[in-house]
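J.: One structure, as structure tokens, below. Some questions next.
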Amino acid sequence: MNVKKFTANSSREVMRLVRETLGDDAVILSNRNVNGYIEILAVASEYMSSLTAPVFEKEALAAPMPKTLKPAPAPARPAAAAARPDILPAQVRAIADRYIASEPAAQPVEAKPVKKAVKKSAPPATRSTVSPEVVDTRLKHVMTELRSMRSMFESQLAEISWGSKQEREPLRADLMREMLTAGFSPGMARYLVENLPEHEKADGGMRWIQRALARNLVTVDSEDDLLDQGGVFALVGPTGVGKTTTTAKLAARFVMRHGAGKLALITTDGYRIGGFEQLRIYGKILGVMVHSVKDQADLRIALDELRGKHTVLIDTVGMSQRDRMVADQIAMLSNTGKDVKRLLCLAATSTGETLNEVVSAYKGNGLAGCIMTKIDEAATTGNLLDVIIRQKLTLYYVANGQRVPEDLEVADSHALIRHAFSMKKQSRAYTFDNDELPMVVAHSVQTMKKARAGGAGRG
């Protein structure tokens, strides 16, 4: 009998050997795992046909025919990976081989002697005993692995793409490094560098990037929008960002322009020791009465009593952006029956991730704008400007010290962008080399994809 044995590391490989040797119609006699290898015994279909031909002439259907080998569909491969097989990581190949090897092996089918002239009905087809729940679990597991493999492919392709682009156009790498060193996020830096016009490259590209950032940084034309227009303004934000000091600076600027009689100060800070006293001292110096409220009812009453004032400034209690009471504070300010404009105080000393959390927590039903604080204490300011641009906030003031009211300036977008690039990181541990830029870009690509997927899921 012309039985041939085939051995390989995986089911896919050994089936390929069978097809190449015996053709697509080869008959599998047995399939088993031997010492970690897949072993298959098979014969050519012509040989089996010669054995079973007399039986069919006598209509002997006692034994079912062995299964024939059908060509398996070739797995789809990403175009980039097909063009560059050398970039396929070893761990991805290991995952694929593990799943191929873990597939349940076909039961051995052995050729049985044929009995003469015995007619028997065909045995009933056996149904699979695997429950739908098990199949569903296996499919979910496979899909999770496929998503993981896709993420690995995308990251590696992004690294390769940026690495080749960096070699062809070193100017882009230099601009990317400048923006990262100034504190801007990898996503913002990559977007601007990749959209740099060709005619701007002769000038180095940095002027175009600074102009693009300044155009997207929304600021007020003058402080008349706040001091002359008037209204009720509440300064909100986490603990320690300088809300009380900034409130005192705004109050002093208003008194110098309109007088103390048209201004009122309110504080909701009944938790922090000395919080009310600090603002009361500022109010006493300026000749302005300071009102303390505890809850929404008190605030509503105070605003009704002060409705004749041109401007009312509210100093709120600071709390972490992860505190559930942030939502209660926003509700208290929003349900007073008055148009209370909330100004979010953001410290330039915080990281970009922290600032994103703060804006998301305090945004509520909308912010009137924001104020940059502690700019004199920050090593870089690009992180804060990046968040303000991406969150589309209006920037009113910049606080650059503790002096009242001197250390408060109206925001100037062009001056702030120039200042951000002049304050580059000096520590070697926080700068980037050319070899590190592709990894930074790949990470930003994955982060942006997850952010978009999360936003789509919430929508």
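J.: Which entries in the list 284/363; 262/338; 140/392; 284/341; 294/363 go over 27 Å, if you measure between the two C-alpha atoms of each? Could you put the intermediate results ahead of the total?
T.: On the way: 284/363 32 Å; 262/338 17 Å; 140/392 39 Å; 284/341 25 Å; 294/363 22 Å.
Pairs exceeding 27 Å: 284/363; 140/392.
J.: Using each residue's phi in region 23-35, evaluate 6.51 cos²θ - 1.76 cosθ + 1.60 at θ = phi - 60° and report the 3J(HN,Hα) Karplus result to the nearest Hz, with x for Gly and Pro.
T.: Each residue of region 23-35 in turn: x, 6, 9, 4, 9, 8, 9, 7, 8, 8, 9, 10, 6 Hz.
J.: Ok, one more. Any idea how far apart residue 146 and residue 334 come out in nm if each label point goes 7 Å out from Cα toward Cβ?
T.: 4.1 nm
J.: Students often check this: by mean Cβ neighbours within 10 Å, which of 344-355, 29-40 ranks highest, and how do the rest follow?
T.: So the order, starting with the most tightly packed, is 344-355, 29-40.
J.: Something else now. Return the FRET efficiency for the residue pair residue 33, residue 376: r is the Cβ-Cβ distance, R0 is 41 Å, and the value is rounded to the nearest 0.05.
T.: 0.05
J.: Can you tell me which of 238-247, 187-196 comes out highest on packing, and rank the rest after it, using the mean Cβ neighbours within 10 Å?
T.: 238-247, 187-196
J.: Can you pull the percent of region 357-426's accessible area that's carbon plus sulfur, 1.4 Å probe, other chains left in place?
T.: Details: 1310 of 2960 Å².
Ligands and nucleic acids excluded, carbon and sulfur reach 44 percent.
J.: I want the local charge near residue 414. Using Cβ-Cβ distances under 13 Å, sum +1 for each Lys or Arg and -1 for each Asp or Glu among the other residues.
T.: +3
J.: Taking only C-alpha pairs under 8 Å that are 6+ residues apart, what is the relative contact order of region 273-398 in percent?
T.: Numbers: 119 pairs, mean separation 25.9, N = 126.
Reported as a whole number, the value is 21 percent.
J.: Multiply the residue separation of residue 3 and residue 199 by 0.36 nm, subtract the distance between their alpha-carbon atoms, and state the gained length in nm to one decimal.
T.: 63.4 nm
J.: Amide H to amide H, which residues 5 or more places from residue 378 or on other chains are under 5 Å from it, using H placed in the peptide plane?
T.: Under 5 Å from the amide H of residue 378 lies no amide H from a residue far enough along the sequence or on another chain.
J.: Which residues' amide hydrogens lie under 5 Å from the amide hydrogen of residue 239, considering only partners 5 or more residues apart or on another chain, with H built in the peptide plane?
T.: 319, 320
J.: By the scheme Lys and Arg +1, Asp and Glu -1, what is the net charge of all other residues having a beta-carbon under 15 Å from that of residue 336?
T.: Values: positive: 294, 300, 307, 309, 338, 341, 342; negative: 295, 298, 304, 305, 328, 339.
My count for the surroundings of residue 336 gives +1.
J.: For a quick protection proxy, order the peptides 307-314, 382-389 by their average other-Cβ count within 10 Å, most packed first.
T.: The densest-packed peptide leads the list: 382-389, 307-314.
J.: Please compute the net charge surrounding residue 393, taking Lys and Arg as +1 and Asp and Glu as -1 over other residues with Cβ under 14 Å from its Cβ.
T.: +4
J.: For residue 343, list long-range residues whose amide hydrogen, built 1.01 Å from N in the peptide plane, is under 5 Å from its own amide hydrogen.
T.: When sequence neighbours closer than 5 places are left aside, the close amide H contacts are 234, 235, 236.
J.: Taking the Cα centre of region 360-407 as origin, work out the dipole magnitude from +1 charges on Lys and Arg Cβ and -1 charges on Asp and Glu Cβ, in debye rounded to 20.
T.: Charge dipole, region 360-407, about its Cα centre: 280 debye, nearest 20.
The values are calculated or read from the model by the stated rules, or taken from the named source; none is laboratory data. These numbers were taken from a predicted model, which means no experiment stands behind them. As a convention, Cβ positions derive from the backbone with ideal geometry for all residues, glycine included, and neighbour counts pool all protein chains shown. Heavy atoms of the whole protein, side chains included, go into the accessibility calculation; ligands, DNA and RNA do not. Shrake-Rupley method; radii C 1.70, N 1.55, O 1.52, S 1.80 Å.
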